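Reviewing the structure listed below.
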Ligand SMILES: [Zn+2]
Ligand SMILES: [Zn+2]
């Protein structure tokens, strides 16, 4: 499985996660606080960078057929395993 996301540090306590929707290919941005990695680390992972599993859903604003009008995205749901770089 290819890792197709990018983690961009924003200051000391925040990241912006950039990835493409695997279904429709829309470019998505999601703010992530650095605390999610500390929580994962305290759950018992050891050594190196800590990883965090982020549940994702497509939030694109594209006009997809069959999509209810009050929703955004193409309906795709997936998870990203994000590894912090110490
Ligand atoms: Zn889309
Ligand atoms: Zn999508």
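Derivation of every value follows stated rules applied to the coordinates shown; laboratory data play no part. It should be emphasised that the depicted structure is a prediction, and the values quoted were computed from it without experimental measurement.
Structural remarks
- Relative contact order (%) - region 5-83, alpha-carbon pairs under 8 angstrom, separation at least six: 24
- Two-decimal Rg/Rh across region 5-83, once Rg and the Kirkwood Rh are taken from alpha-carbon atoms: 1.05
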